[in-house]
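A.B. asks: Next up is a structure, given as structure tokens.
The values are calculated or read from the model by the stated rules, or taken from the named source; none is laboratory data. For clarity, every value in this text was computed on a predicted model and none was experimentally measured. Don't worry about glycine lacking a Cβ; one is built from the backbone with ideal geometry, like all the others, and counts go over all protein chains shown. When the accessible area is computed, the model is the full protein with side chains, heavy atoms only, and any ligands, DNA or RNA have been set aside. Shrake-Rupley method; radii C 1.70, N 1.55, O 1.52, S 1.80 Å.
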Amino acid sequence: MATLQGKRALVTGGSRGIGAAIARRLAADGADVAITYERSVERAEAVVAEVVALGRRGMAIQADAADPVAVQAAVDTAAEAFGGLDILVNNAGIIRGGDIEAMTLDDIDAMLNVNVRAVAVASQQAARHMGEGGRIISIGSNLATRVPAPGTSIYSMSKSALIGWTKGLARDLGKRGITVNLVSPGSTATDMNPPDGPSADEQLGRMAIPRFGTADDVAELVAFVAGPQGRSINGADLTIDGGANA
């Protein structure tokens, strides 16, 4: 069902994994979709080809999420190409784990720049192009509210910042009819976290339903929030983690 017919979307970090799944699902629901990518031009072009094959407009924009000027330009490029913007999905993110004593300033800056600043910059710029019914959806992590093992303190800090950002921005933009929400996955089967990887058993042991989620699972939730049925969901942190944080 084309619940997003005529809508115009930008998905950051959309060349693979969860971002690619979100781009495909939004297009399947009727939206034109632009994605950003950093280096994976072939993967980005493949996602755009899938969007176009669904009968929608698609485009790939090279942008390093750590560069705020590039992030602003990507939002403006998508809005100009599509004649506006209705949906922003802040999906781009990175994780660098390890002992806190071993984390460098570059590690800390990288995670804060991509996981926090890029979200703020893209959302601010997207809001300038959005009208009534706009949707800003960020991809967080269940590790923002519960940290079951050492080695992710900086990453968890960066993702927990999105909870406050989401609630605050929902208040800021609510008067314009724009909703702002956070979707927080747990263990999701991607090339960055394969379900047969070295930490898979540990992750499965924390879940009420012991199975990895899929990128399509997350995309389904994002599409629901982006659609008309999500109009009253605002300022929410929606966890999708198989009950790991239950």
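A.B. asks: With an 8 Å cut-off on Cα pairs and a minimum separation of 6 or more residues, tell me the relative contact order of the chain in percent.
C.D. replies: Details: 497 pairs, mean separation 47.0, N = 246.
Answer for the chain is 19 percent.
A.B. asks: Give the peptides 11-18, 129-136 in descending order of average Cβ contacts within 10 Å, highest first.
C.D. replies: Details: 11-18: 26.6, 129-136: 18.8.
Output ranking for 11-18, 129-136: 11-18, 129-136.
A.B. asks: Further question: Find the eigenvalues of the gyration tensor of the Cα atoms of the range 1-68, then list the square roots of 5 times those eigenvalues as equivalent ellipsoid semi-axes, largest first, in whole angstrom.
C.D. replies: On the way: eigenvalues 80, 26, 17 Å².
So the three semi-axes of the range 1-68 are 20, 12, 9 Å.
A.B. asks: For the chain, what does the helix formula give at 222 nm: sum of -39500 (n - 2.57) over DSSP H segments with n ≥ 4, over the residue count, nearest 500 deg cm²/dmol? Provide the component values of the computation, followed by the final result.
C.D. replies: Details: 8 runs with 97 residues, N = 246.
Counting only the DSSP helices, I get -12500 deg cm²/dmol.
A.B. asks: Can you compute 3J(HN,Hα) from phi for each residue in the range 8-20, using the Karplus curve 6.51 cos²θ - 1.76 cosθ + 1.60 with θ = phi - 60°, rounded to whole Hz and x for Gly and Pro?
C.D. replies: Whole-Hz 3J(HN,Hα) from phi for the range 8-20: 10, 10, 10, 10, 7, x, x, 8, 7, x, 4, x, 5.
A.B. asks: Also: Once a ≥ b ≥ c are taken as the square roots of the eigenvalues of the Cα gyration tensor of the range 106-152, is the result rounded (a/c under 1.5), prolate (a/b larger than b/c) or oblate (a/b not larger than b/c)? Don't jump to the answer; show the numbers that get you there.
C.D. replies: Details: a/c = 6.38, a/b = 1.83, b/c = 3.49.
The shape class here is oblate.
A.B. asks: Tally up the carbon and sulfur contribution to the accessible surface of the range 79-200 as a whole percent, 1.4 Å probe, everything protein left in place.
C.D. replies: Details: 2890 of 5360 Å².
Carbon and sulfur atoms account for 54 percent of the accessible area of the range 79-200.
A.B. asks: Starting at the first residue of the range 106-113, write each ³J(HN,Hα) from the Karplus equation 6.51 cos²θ - 1.76 cosθ + 1.60 with θ = phi - 60°, in whole Hz, x for Gly and Pro.
C.D. replies: 4, 4, 5, 4, 4, 5, 5, 5
A.B. asks: Can you list the residues, at least 5 places off or on another chain, whose amide H is less than 5 Å from the amide H of Leu10, using H built in the peptide plane?
C.D. replies: Distant-sequence amide H within range of Leu10: Ala34, Ile87, Leu88, Val89.
A.B. asks: Using only Cα atoms, locate the centre of the range 164-208 and the centre of the range 60-81, then give the distance between them in Å, rounded to an integer.
C.D. replies: The range 164-208 and the range 60-81 have Cα centres spaced 23 Å from each other.
A.B. asks: Contour minus end-to-end for Arg96 and Ala73, with contour as 0.36 nm per residue of separation and end-to-end as the Cα-Cα distance?
C.D. replies: Working: separation 23, 0.36 × 23 = 8.28 nm, distance 2.64 nm.
Extra length available between Arg96 and Ala73 comes to 5.6 nm.
A.B. asks: Sorting check: for 56-66, 166-176, 211-221, which peptide has the highest mean count of neighbouring beta carbons within 10 Å, and how do the rest follow?
C.D. replies: Numbers: 56-66: 20.5, 166-176: 15.4, 211-221: 18.8.
By packing density, highest mean first, the sequence is 56-66, 211-221, 166-176.
A.B. asks: How would you classify the range 93-246 from its alpha-carbon gyration tensor, with a ≥ b ≥ c the square roots of the eigenvalues: rounded for a/c under 1.5, else prolate if a/b is greater than b/c, otherwise oblate? Display every interim value, and only then the final one.
C.D. replies: Values: a/c = 2.32, a/b = 1.39, b/c = 1.67.
Verdict is oblate for the range 93-246.
A.B. asks: Does the range 58-128 classify as rounded, prolate or oblate by the C-alpha gyration tensor (a ≥ b ≥ c root eigenvalues; a/c under 1.5 gives rounded; else a/b over b/c gives prolate, otherwise oblate)?
C.D. replies: Working: a/c = 2.96, a/b = 2.76, b/c = 1.07.
Verdict is prolate for the range 58-128.
A.B. asks: May I ask for the net charge around Ala20, where only other residues with Cβ less than 12 Å from the Cβ of Ala20 are counted and Lys, Arg are +1 while Asp, Glu are -1? Let's see the in-between values first.
C.D. replies: Working: positive: Arg16, Arg24, Arg25, Arg43; negative: Glu45, Glu50, Asp191, Asp216.
Once positives and negatives cancel, what remains is 0.
A.B. asks: Still on this structure, please answer the following. Determine the sum of side-chain charges near Ile240: Lys and Arg each +1, Asp and Glu each -1, restricted to other residues whose C-beta is under 11 angstrom from that of Ile240. Could the numbers behind the result be given before it?
C.D. replies: Working: positive: none; negative: Asp217, Glu220, Asp237, Asp241.
With Lys, Arg at +1 and Asp, Glu at -1, the neighbours total -4.
A.B. asks: So how do 117-123, 238-244 stack up, highest first, on mean other-Cβ count within 10 Å?
C.D. replies: Details: 117-123: 23.1, 238-244: 19.3.
Descending mean neighbour count gives 117-123, 238-244.
A.B. asks: Using θ = phi - 60° and the Karplus form 6.51 cos²θ - 1.76 cosθ + 1.60, what ³J(HN,Hα) does each residue of the range 219-224 get, whole Hz, x for Gly and Pro?
C.D. replies: Those phi angles translate into 4, 4, 5, 4, 4, 4 Hz.
A.B. asks: Another question about this same structure. Relative contact order (percent) for the range 54-113, with alpha-carbon contacts under 8 angstrom and 6 or more residues of separation? Walk me through the numbers before you get to the answer.
C.D. replies: Numbers: 23 pairs, mean separation 18.0, N = 60.
Relative contact order of the range 54-113: 30 percent.
A.B. asks: Something else now. Once amide H atoms are placed 1.01 Å from N in the peptide plane, what residues at a sequence separation of 5 or more from Ile240, or on another chain, have their amide H within under 5 Å of its amide H?
C.D. replies: Ser184, Gly186
A.B. asks: Report, to two decimal places, the Cα Rg of the range 84-177 normalised by 2.2 N^0.38 Å (N = number of residues).
C.D. replies: On the way: Rg = 14.7 Å, N = 94, 2.2 N^0.38 = 12.4 Å.
Taking N as the residue count of the range 84-177, the ratio is 1.19.
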